Amino acid sequence: MKAKLAQLWKECALAGMPEFTVVAESIEANFMHSLRRITAQDMAYVMDARGDRAIRWFSNSLPAWASPLGPQLRLLLKMLRDVVAGEFRAPWKTMAAITLALLDIGNPMNYLPDSLPGIGHIDDALVVALCVSVVRKDLQRYATAKNIDLADYGF
């Protein structure tokens with residue numbers, strides 16, 4: 001997924017849209033800064049039915065190239081719920097990154113509005129990729145503990 005996103009970003013930049021690089025850098029900086037501002041209330045907000053509804057809405061609006069994002073987000077939400085339920089241990093930063101990604105995909109008017117044909121989900125894909133890069137080790141531990149094949153989720 002990350003390779004597809006990088007290729008798409010490169011194609012946009014080569015097509016005379018260098019602002020995509022600026023947007024990507026801004027998204028990454030904002031994501032890393034926002035990790036420190038996530039609260040338990042934010043986490044509770046995405047763990048109830050709102051998280052499931054956001055993923056369902058998001059998944060139904062994805063272009064084909066981004067289709068793995070839906071299952072990946074479902075797995076991340078399941079992991080978050082298991083951490084909160086005490087069924088798996090993970091650091092706060094992991095929980096915050098998952099919460100932040102779910103909050104972002106639930107917002108159709110983020111960096112690039114989701115309604116923009118072809119490019120509206122590029123920023124969402126980048127946020128999911130950033131989240132996965134932050135939680136990768138814990139996600140691998142989670143998959144091992146729960147006997148989950150990450151390939152089944154497009155990882």
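The values are calculated or read from the model by the stated rules, or taken from the named source; none is laboratory data. Note that the structure is predicted; figures quoted are calculated from it, not measured. Every residue, glycine as well, gets a Cβ built from its backbone with ideal geometry; the counts of neighbours run over all protein chains shown.
Only one of (1) surrounded by 20 or more Cβ atoms within 10 Å (Cβ to Cβ); (2) modelled with pLDDT of 90 or more; (3) in contact with a Ser or Thr (Cβ under 9 Å, 6 or more places away or on another chain) fails for L69. Which number is that?
Among (1) surrounded by 20 or more Cβ atoms within 10 Å (Cβ to Cβ); (2) modelled with pLDDT of 90 or more; (3) in contact with a Ser or Thr (Cβ under 9 Å, 6 or more places away or on another chain), the lone unmet condition for L69 is (2).
Mind listing just one residue for me: the one in the stretch 4-43 that is modelled with pLDDT under 70 and assigned to a loop (DSSP other than H, G, I, E, B) and, of those, surrounded by the most Cβ atoms within 10 Å (Cβ to Cβ)?
So, considering only residues that are modelled with pLDDT under 70 and assigned to a loop (DSSP other than H, G, I, E, B), the one surrounded by the most Cβ atoms within 10 Å (Cβ to Cβ) is M17.
Can you name every residue in the stretch 71-105 that is farther than 14 Å from V127 by Cβ and small (G, A, S)?
Within the stretch 71-105, A85, G86, A90 meet the criteria.
Please go through (1) modelled with pLDDT of 65 or more; (2) within 21 Å of A64 (Cα to Cα) for M1 and return the number of the only condition it doesn't satisfy.
(1)
When you scan the stretch 43-57, do you find a residue that is among the acidic types (D, E), closer than 19 Å to K137 by Cβ and in contact (Cβ under 8 Å) with a residue 12 or more places away in the chain, even just one? Walk me through how you get there before you give the answer.
Residues of the stretch 43-57 that are among the acidic types (D, E), as a first pass: 48, 52.
Cutting the leftovers down to closer than 19 Å to K137 by Cβ gives us none.
No, there is no match, as no residue in the stretch 43-57 is among the acidic types (D, E), closer than 19 Å to K137 by Cβ and in contact (Cβ under 8 Å) with a residue 12 or more places away in the chain.
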